[in-house]
Amino acid sequence: MAMNGLIIFITWTDPRLNSPMYFFLGHLSFLDVCFITTTIPQMLVHLIVKNHIVSFVSCMTQMYLVFCVGVAECILLAFMAYDRYVAICHPLTYAQIMSWQVCVSLVSIAWFFGLINGIMLEYMSFRNPFCRDNHIENFFCEAPIVIALSCGDPQFSLRVIFADAIVVLLSPMALIVISYARILASILGRNSSSGRGKTFSTCASHLTMVIFLYTSAMFSYMNPRSTHGPDKDKPFSLLYTIITPMCNPIIYSFRNKEMKGAMVRALGRSSLSQAESV
């Protein structure tokens, strides 16, 4: 929360970070904050108290927010990869291609698909009545587990979610892979070994987090339930809902010199204001 909150504050207030990359980064941190606040508070309550009951409305709300934020983040990561591709492979026309209007439109598209997709997946998860065991073997209300508790045939809902996951997960991932492949091809054609090594390091870090997010989400929503179990589901759910949002600031920000400088300036201003108030 602290790391992502600091990134949001810096990218939205520091004029030196007025570029599409940091605009997207600020929204990514905001999505990570939403991810964390959707799952962790309920989990902490259940770890502290013995009463592990979740109301039906709370379960529906939590599931919708996870769907909405997760889909929006998957799409936003694809747009961020495309932004880096344009910046590295087409630097002369970068300002024209990634204009302010385009950046706002891309972020709006990510949020729009997240909101609409969440409504559709929420309906598919709760379309059947519930009359079986109401014990959820996870730390939050995850769709495939909740669907398995319904009285009706869950196969139709699971097939719809599977088809939706193919579009939501594989399409952005294809754009990310193509963008980074072209970035690496462009870098390999240059003579600067230092710039080449820096770009390789950055791409490897970004792709690591993308792989963590997408593979864990694919395992949760694109595998048949017969291959699942509490011991298998929980680590992957933990990975894409908590670990990835926690690591994103380190991967995308704290290895960036401009972000480090902005953080130093922000902390310096905070210290100065506190000294003046004293």
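Only one residue in Ser55, Ser99, Ser125, Ser105 is of a type in the set (S, T, N, Q) and either in contact with an Asp or Glu (Cβ under 6 Å, 6 or more places away or on another chain) or touching a residue at least 24 places away in the same chain (Cβ under 8 Å) (or both). Which one?
Ser125 is the lone residue from the list that is of a type in the set (S, T, N, Q) and either in contact with an Asp or Glu (Cβ under 6 Å, 6 or more places away or on another chain) or touching a residue at least 24 places away in the same chain (Cβ under 8 Å) (or both).
Quick one: which of Met43, Met80, Met63 is farther than 20 Å from Ser237 by Cβ and aliphatic (A, V, I, L, M)?
Testing whether each residue is farther than 20 Å from Ser237 by Cβ and aliphatic (A, V, I, L, M) leaves just Met80.
Taking the stretch 1-19, which residues are closer than 23 Å to Ile75 by Cβ and open to solvent by less than 20 Å² (accessible area, probe 1.4 Å)?
Once the filter is applied, which keeps residues that are closer than 23 Å to Ile75 by Cβ and open to solvent by less than 20 Å² (accessible area, probe 1.4 Å), the stretch 1-19 yields Asn4, Ile7, Thr11, Leu17.
Given (1) surrounded by fewer than 13 Cβ atoms within 10 Å (Cβ to Cβ); (2) free of Cβ contacts under 8 Å to residues at least 12 places away in the same chain, identify the lone condition not met by His90.
Only one criterion is unmet by His90, namely (1).
Give the residues of the stretch 128-176 that are within 20 Å of Pro235 (Cα to Cα), open to solvent by 50 Å² or more (accessible area, probe 1.4 Å) and of a type in the set (Asp, Glu), sorted by residue number.
Passing the criteria: only Glu137.
For the subset of the stretch 72-127 comprising residues that are closer than 30 Å to Phe56 by Cβ and acidic (Asp, Glu), which member is modelled with the lowest pLDDT?
The residue in question is Glu122.
Which one of these does Glu122 not meet: (1) among the acidic types (Asp, Glu); (2) under 28 Å from Val45 (Cβ atoms); (3) assigned to a loop (DSSP other than H, G, I, E, B)?
So the condition that Glu122 fails would be (3).
For the subset of the stretch 25-51 comprising residues that are of a type in the set (A, V, I, L, M, F, W, C) and farther than 12 Å from Asn248 by Cβ, which member is surrounded by the most Cβ atoms within 10 Å (Cβ to Cβ)?
Cys34
The values are calculated or read from the model by the stated rules, or taken from the named source; none is laboratory data. This one's a predicted model, so the numbers in the text were calculated from it and none came from an experiment. Backbone-built Cβ (ideal geometry, glycine too); neighbour counts: all protein chains shown. Remember, those area values only see protein heavy atoms, side chains included, never the ligands or the DNA or RNA. Shrake-Rupley method; radii C 1.70, N 1.55, O 1.52, S 1.80 Å.
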